[in-house]
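Working notes, structure below.
The values are calculated or read from the model by the stated rules, or taken from the named source; none is laboratory data. The structure presented is a predicted model; accordingly, all values stated were derived computationally and were not measured. Here the Cβ is made from the backbone with ideal geometry for all residues, glycine too, and neighbour counts use every protein chain on show.
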Amino acid sequence: MTQLKVTQTRSSIGTKPKHRGTLRALGLRKIGQSNVLPDRPEIRGMIARVPHLISVEEVN
């Protein structure tokens, strides 16, 4: 199963509350922090909501 490494690249200060909540749901709190998550439609949807704040890599 493929996994995604999600890294926060920009601050959530000044963003909408839903965007901040999405970052928290992805397990991200501060810039530079990464989390490895399964590649599922729910996770892809969260990533699509905040692409301007994160970077994504596929990990096998």
Residues being small (Gly, Ala, Ser), more than 16 Å from residue 59 (Cβ to Cβ) and in a loop (DSSP other than H, G, I, E, B) - total across region 1-47: 4
Residues of region 8-31 that turn out to be loosely packed, with under 15 Cβ neighbours inside 10 Å and under 9 Å from the mean Cα position of the chain (by Cα), as a count: 3
Number of the condition not met by residue 5 [criteria: (1) without any contact (Cβ under 8 Å) to a residue 40 or more places away in the chain; (2) at negative phi]: (1)
Hits in region 18-36 - residues which are hydrophobic (A, V, I, L, M, F, W, C) and in contact (Cβ under 8 Å) with a residue 24 or more places away in the chain: 23, 26, 28, 36
Near pairs, Cβ below 9 angstrom, 6+ apart or cross-chain, from region 37-60 (more than 16 Å from residue 7 (Cβ to Cβ) and at pLDDT below 95) to any residue that is among the hydroxyl-bearing types (Ser, Thr, Tyr) and not in a helix (DSSP H, G or I): 60/2
Residue ID - farthest from the chain's Cα centre (by Cα), chosen from residues in region 48-60 that are assigned to a loop (DSSP other than H, G, I, E, B) and surrounded by fewer than 10 Cβ atoms within 10 Å (Cβ to Cβ): 60
Boolean, residue 28 is under 23 Å from residue 1 (Cβ atoms) and out of contact with any Ser or Thr (no Cβ under 9 Å at 6 or more places or on another chain): no
